[in-house]
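Here the structure comes first, spelled out in structure tokens, and everything after it is commentary.
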Amino acid sequence: HIFWIFITAVNSTYPLISFKFLAAKVWYILPFFILPLLFAKEATELDKSYRTLYIFLFIVICIVLFKHSFHGFSFAATYEVVQPFFRNHVSYAAICVVCLPFVWAFFRINKLEGKPNKLMYIIFIVFVAGIYFSFTRAAILSMFIAWGAWYIIRRRWVKHALFISSFVAVILTLFLSIDNKYMDLAPDFEKTITHHEFDNLIEATYKLEDISSMERVYRWISGIEMLKDKFWLGFGPGSFYSNYKLYSISSFQTYVSNNPDQSGIHNYFLMTWVEQGFIGFLIFVALCFWLLIEGENLYHTIPSPRDKIIIMATNLGLIIIFSMCLINDLIETDKVGPFFFFNAAILLFYSGKVNDIQN
């Protein structure tokens, strides 16, 4: 994938931006994927990172909840109360929910080893409360997706789930493309506004009147239009923002379409296709599928109950990241991106461990 990013950077519409993207990708992979595999000798050395993380994250969540309580846990205050630890409530919720499976894992390991567990129970409840009161739809939904994924992995249904989800995605895409049916999703500019109450936000989401959701649709449509020009090689890594407004459709515009934050497409899979072409998209999807299939195989192959728990937590962490990437660009963000590569490193470490056992 790194090699293909280099190829598309050479062919980029904005080579400087694309090579900066490549450099950023390398400095994620080096410390969070390569170095852990080089220096970790025991599995406990890897999960120690999550043990350190959840302790400090627990402290931060307590501070955020304490600050939030003075605002009556209002949705409007979510951006303010996560400062200065996080840029916004989405970043805060994302790292909390990515870490949550490991909090559950350490709770299970304590129970397995006969250690006191009351504190871990409290920590787990605080994490769930922090995620809920972040009022971040993707993070809250991903908790339920992770619960369903836990059952799927235990039943060895990952390949079936991947096939069904891929089939549904293709059918939905084809359906919306027939006679430009996606144009039916165009929002009412006057009604598509910012909402300051979470209940109103949820209602507006399914009515297609929430500004953040419809702004995503605006950018997705722009991305799809961009595919028509550079289907195979893409526009170059990191170049979506610099190109997408030329391909936008005015009927999908919202009040925030001027995009002062210069944010991305808000779908990591579509962004990969737009920026790295269809080949880059296939490479990334193949990587995601391999991680999930290998994770399921490891869970059912490795004999140690403790290792099974850590592998399950790693799998659930990856599934949470993938589910949030459907409506966000998270793998390049400083608070979430590292854990995609670190979880991949954990699976590869255990894969090597299983091979050693079998040999």
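Pick out the one residue from Leu162, Leu185, Leu174 that is of a type outside the set (Phe, Trp, Tyr) and at pLDDT 95 or above. Spell out how you get there, then give the answer.
On the way: Leu185 fails: at pLDDT 95 or above; Leu174 fails: at pLDDT 95 or above.
After ruling out the rest, the residue left standing is Leu162.
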If a residue must be open to solvent by less than 10 Å² (accessible area, probe 1.4 Å), in contact with a Lys or Arg (Cβ under 7 Å, 6 or more places away or on another chain) and aliphatic (A, V, I, L, M), how many such residues does region 88-143 contain? 2
When only residues in region 224-276 that are modelled with pLDDT of 90 or more and acidic (Asp, Glu) count, which is most open to solvent (accessible area, probe 1.4 Å)? Asp229
Can you confirm whether region 294-306 contains a residue that is assigned to a helix (DSSP H, G or I) and farther than 22 Å from Asp47 by Cβ? no
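So for region 21-36 (the condition being in a helix (DSSP H, G or I), over 29 Å from Pro237 (Cβ atoms) and hydroxyl-bearing (Ser, Thr, Tyr)), does at least one residue qualify?
no
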Can you work out which of the residues in region 62-81 that are within 29 Å of Asp47 (Cβ to Cβ) and without any contact (Cβ under 8 Å) to a residue 40 or more places away in the chain is most open to solvent (accessible area, probe 1.4 Å)? Phe66
Boolean, Leu53 is farther than 23 Å from Ser323 by Cα and not in a loop (DSSP other than H, G, I, E, B): no
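The values are calculated or read from the model by the stated rules, or taken from the named source; none is laboratory data. Worth saying up front: this structure is predicted, and the values here are computed from it rather than measured. Cβ coordinates were reconstructed from backbone atoms using ideal geometry, including for glycine residues, and neighbour counts include every protein chain displayed. Keep in mind that these areas ignore ligands, DNA and RNA; they rest on the heavy atoms of the full protein, side chains included. Shrake-Rupley method; radii C 1.70, N 1.55, O 1.52, S 1.80 Å.
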